[in-house]
Amino acid sequence: MTARTALPPEIAEKVAAGERLTFEDGLALQNSRDIHAIGRLAHMVRTRLHGNKAFYNRNRHINYTNVCALSCRFCSFYRKRGEEGAYEMPVEQVIEVAQKAHQAGATEVHIVGGLHPWLKFDYYLDILRGISQSCPGLHIKAFTAVEIVHLSRIARMSIEEVLVALREAGLGSLPGGGAEIFDDRVHDVAFKGKVREDKWFEVHRTAHSLGIFSNATMLYGHVETPEQRIRHLIKLRELQDESLQAMKDSNSPDTPRAAFNCLVPLSFAPEGSELGELPGPTGLSDLKTLAISRLMLDNVPHIKAFWIMQGVGLSQVALSWGCDDMDGTVVWYDITKRVGHGTHQEMTVPQLKRLIREAGFVPVERDTVYREIHRENEVVSA
Ligand code: SF4
């Protein structure tokens, strides 16, 4: 298909009217070179949903181990046990890090790691119990769908039983990782061995049916095609339709339902991975993908420009390209390290606010499920 320069006018009309875009519309967006028109449309939608607010949160990421039974080709994070740089944090250390974050004002810990071949299910339960008992009010967002399937295997429990046990131990919600691109060909080239889309969706569908909110991701800019990105977004949209309908139909507090809070489009970082020869996304393809995500996912409230993945400067720009959230303080992030960055990747609240204000938006602190947090007597920073 040849690249078109202009965007078909019917797409702009549909977006203005709040109508859902089709797969063909998504392809037309992908094939258009008029990225400014795409950005303007995405901004219209984002403004309709959130006005001039841009969200951030006080969080702390904890990657409890980089030891992983798998070897996804796009991943530069994993190590094999005994390999230089391999680590696993004892339960006490994970709890201690969470406690420090809590004392420093964090409202959320985001805990994910590799698929450790020997850690027992109790390790994960002990982490959750230890944090929830010693850090009241701290939301624990933990374990991607891939980790949940791994836990169901090691614990010999169903996905639902695992989620119920984790929730009883303190789990608050699920992050969106492990989705990558929902396509078997891409799966076999870039992350063979990982769970396929059916399992990823089973985990999130089950979580939603239990009233556990979650996020979704899309790892873009590696071996996938534009068509596969659009299909990925539409598959997420379909589950969200289902989950939102179930929320609407459920009017009993005894059967709470949940859905996706946000999509986090993840810009592929080739450095250090087996796919290191690939060029990776450019700034413009990042912006285009974020904007198209906003336009296609009409039923997911938030699109995140995660400053670690898209970079600080581009995330700031992305707030005018359909995104309404920059994520948070992070502090420590071991999964993706850009050239020149180590594991300590931290943004302070004043820095986040300044970036958001400079981009022309009003910074609003949120919790994990996007409830606004208004702190009294807070010193307003520059
Ligand atoms: S992407 Fe996840 S499952 Fe794959 S190798 Fe890396 S840590 Fe392991």
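Numbers below:
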item: Dipole of the chain, positive direction: furthest Cα of Ala104, Ser158, Thr255, with charges on the beta-carbon; result: Ala104
item: Projected label distance in nm at Met247 and Arg73, using a 7 Å step from Cα toward the beta-carbon; result: 3.8
item: Gain in span if fully extended, Tyr87 to Asp184, counting 0.36 nm per residue against the direct Cα distance; result: 31.8 nm
item: Surface share of carbon and sulfur [accessible, 1.4 angstrom probe, percent] for the chain; result: 52
item: Karplus-derived HN-Hα couplings along region 175-190 (A = 6.51, B = -1.76, C = 1.60, θ = phi - 60°), whole Hz, x at Gly and Pro; result: x, x, x, x, 6, 6, 10, 6, 7, 5, 5, 4, 3, 6, 7, 10
item: Asp34 paired with Gln103, simple spin-label distance in nm, labels 7 Å along Cα-to-beta-carbon; result: 5.7
item: DSSP-defined beta bridges in the chain - what % are antiparallel, rounded to 5; result: 15
item: Measure of compaction for region 224-312 (Cα Rg per 2.2 N^0.38 Å); result: 1.34
item: Charge dipole of region 53-365 about the Cα centre (unit charges at C-beta), most positive-ward option of Ser214, Ser267, Leu284; result: Leu284
item: The chain: angle of helix 35-50 to the longest principal axis, Cα-based, in degrees nearest 10; result: 60
item: Two-site label geometry, Arg354 and Thr282: point separation in nm, points 7 Å out along Cα→Cβ; result: 3.1
item: Rg and Dmax of region 88-176, Cα atoms only, in Å; result: 12.3, 38
item: Amide N proximity, region 177-209 versus Val223 label position 7 Å along Cα-to-Cβ, cut-off under 14 Å; result: 181-194
item: Helical mean residue ellipticity (222 nm; -39500 (n - 2.57) per DSSP H run of 4+; nearest 500) of the chain; result: -13000 deg cm²/dmol
item: Contact order relative to length of the chain, as percent, for alpha carbon pairs under 8 angstrom and 6 or more apart; result: 21
item: Probe 1.4 Å, accessible area per residue of the chain, Å²; result: 42
item: Estimated dipole of region 261-333 in Debye, rounded to 20 [Cβ of Lys and Arg +1, of Asp and Glu -1, Cα centre]; result: 200
item: Region 83-100 - phi-based ³J(HN,Hα) in whole Hz, Karplus 6.51/-1.76/1.60, Gly and Pro as x; result: 6, 4, x, 6, 8, 9, 8, x, 3, 4, 5, 4, 5, 4, 5, 5, 4, 5
item: Over 19 Å [Cα-Cα, region 157-282], rounded percent; result: 52
item: Dipole magnitude (debye, nearest 20) for the chain, charges at Cβ of Lys, Arg, Asp, Glu; result: 420
item: Highest-MSF residue in the chain out of Arg156, Arg40, Arg60 [GNM, Cα springs under 10 Å]; result: Arg156
item: Lysine-lysine proximity count for region 53-365, Cα under 14 Å, sequence distance 8 or more or distinct chains; result: 4
item: Furthest towards positive pole of dipole, Thr5, Phe23, Ala246, structure part the chain, Cβ charges; result: Thr5
item: Placed amide H near Thr217: partners under 5 Å, 5+ positions off or other chain; result: Ala179, Val264
item: Global geometry of the chain, whether rounded, prolate or oblate, following the gyration tensor of its Cα atoms and the 1.5 cut on a/c; result: rounded
item: Cys with no candidate disulfide partner in the chain (beta-carbon separation under 4.7 Å rule); result: Cys68, Cys135, Cys262, Cys323
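The values are calculated or read from the model by the stated rules, or taken from the named source; none is laboratory data. Please read these numbers as outputs of a predicted model, since none were measured by experiment. Counting neighbours? That spans all protein chains shown, and the Cβs are built from the backbone with ideal geometry, glycine included. Side chains included, ligands, DNA and RNA excluded: accessible areas come from the protein's heavy atoms. Shrake-Rupley method; radii C 1.70, N 1.55, O 1.52, S 1.80 Å.
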